[in-house]
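Have a look at the structure below before the remarks.
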Amino acid sequence: MSDPTRPGETGDPGEINRTGVNPTGLAMGEADTLERPDGHADGDTDWARAGGPGPAGKPRSLWQDAWQDLRRNPVFLLSALLILFLVVISLWPGTIATRSPLQCDLGRSLDGPASGHWFGFDSQGCDVYTRVVYGARASVTVGVCATAGAAVAGTVLGGLAGFFGGWWDGLLSRITDIFFGIPILLGGLVLLSVLPSSTIWTVIGFIVLLGWPQVARIARGAVITAKQADYVMAARALGAGNTRLMVRHVLPNAIAPVIVVATIALGTYIALEATLSYLGVGLKPPTVSWGIDISAAAGYIRNAPHMLLYPAGALSLTVLAFIMLGDAVRDALDPKLR
């Protein structure tokens, strides 16, 4: 009867038998490193933070890897903080602006910055600081809602075209080509000028109408690539239906390019709303908008440059923040840039 404590009979790869030879053919130090990849010892988690498996030894997904990269990206952190600030003042502008944007005093028309009025007054005697704060609401609302609408419409139409192909794909491609042939600014001038009134929702609807083709084309290409993957073919061979394939396998792996395009387009749509309002076919008073204020300040740029400086600066910072956010998200979600 063998002694269970004798070396060579315990099955431990680190033990040495009577002849002095390791039965696995590995040195003791080499056997220990099998428990962790890349030679990391037990308890060393640096390899996990470098893109290896996550908690409990599970491999990290694309979204987890992207979040880890974004958390260490100063561009993302700076743009996210600025966007968060804009969202807060859009929802609750009264937290940092105690006056009404429509409360004006003609006696102080074109006055420069003064105590309690940091940005001065416009031609109507309205406080420029208050109007800049309240103007964020219209710009952010148009940008977020228009981007969400264009992203949903484009993803649904482009995803269905790429997944099913055939006549549906051909029809959508021809419709998309027609919309691509319409310059979005020229289309806005024509469509919005014939409407009796332009509200925030009118401008949002116009942007969605002309903005979905770009998202649809991106979504179509991403879905065509994803549906040819081995895991999708395996799921289809196991009996998965089209709905399950699209929702569970194709869409989650094709949505990343859409998110990147939508994030960058959000800043573009904010600038588009300001441009249309500046030209007089977008938002109109009494709605408070940066584009309206920039248009009103154009004739006083020499005598009162502060009227133009602050709303234009707020618009530029907002557009820049969303473009920077989109670039950071693109770098994080594109494996080729890792």
So which residues in the stretch 140-175 are among the hydroxyl-bearing types (Ser, Thr, Tyr) and more than 23 Å from the chain's Cα centre (by Cα)? 173
Here the qualifying pairs (Cβ atoms under 6 Å; residues six or more apart or on different chains; first in the stretch 242-260 and at pLDDT 85 or above; second open to solvent by less than 40 Å² (accessible area, probe 1.4 Å) and of a type in the set (S, T, N, Q)) come out as 258/155
Checked 133, 140, 128 against criteria (modelled with pLDDT of 90 or more and farther than 30 Å from residue 208 by Cβ); the one match is 128
Can you pull out every residue in the stretch 93-111 that is more than 20 Å from residue 286 (Cβ to Cβ), exposed (fewer than 13 other Cβ atoms within 10 Å of the Cβ) and of a type outside the set (S, T, N, Q)? 96, 107
Total residues in the stretch 93-121, condition touching a helix residue (DSSP H, G or I) at 6+ places or on another chain (Cβ under 9 Å) and at positive phi: 2
Any chance you could count how many residues in the stretch 149-168 are without any contact (Cβ under 8 Å) to a residue 12 or more places away in the chain and closer than 23 Å to residue 271 by Cα? 1
Answer from 125, 135 - the residue that is surrounded by 24 or more Cβ atoms within 10 Å (Cβ to Cβ) and not polar (S, T, N, Q): 135
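A quick yes/no check of all residues on (1) in contact (Cβ under 8 Å) with a residue 60 or more places away in the chain; (2) out of contact with any Lys or Arg (no Cβ under 8 Å at 6 or more places or on another chain); (3) loosely packed, with under 13 Cβ neighbours inside 10 Å:
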residue	(1), (2), (3)
90	no, no, no
113	yes, yes, no
129	yes, yes, no
142	yes, yes, no
170	no, yes, yes
184	yes, yes, no
187	no, yes, no
192	yes, yes, no
Being open to solvent by less than 50 Å² (accessible area, probe 1.4 Å) and either in a helix (DSSP H, G or I) or under 22 Å from residue 268 (Cα atoms) (or both) is the filter here; which residues of the stretch 299-315 pass it? 306, 307, 308, 311, 312, 313, 314, 315
Do we have any residue at all in the stretch 316-324 that's open to solvent by 20 Å² or more (accessible area, probe 1.4 Å) and without any contact (Cβ under 8 Å) to a residue 40 or more places away in the chain? yes
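The values are calculated or read from the model by the stated rules, or taken from the named source; none is laboratory data. Owing to the predicted nature of the structure, the values given are computational and were not obtained by experimental measurement. A quick note on method: Cβ atoms are made from the backbone with ideal geometry, for glycine too, and the neighbour counts reach across all protein chains shown. Accessible surface areas use protein heavy atoms only, side chains included; no ligands, DNA or RNA. Shrake-Rupley method; radii C 1.70, N 1.55, O 1.52, S 1.80 Å.
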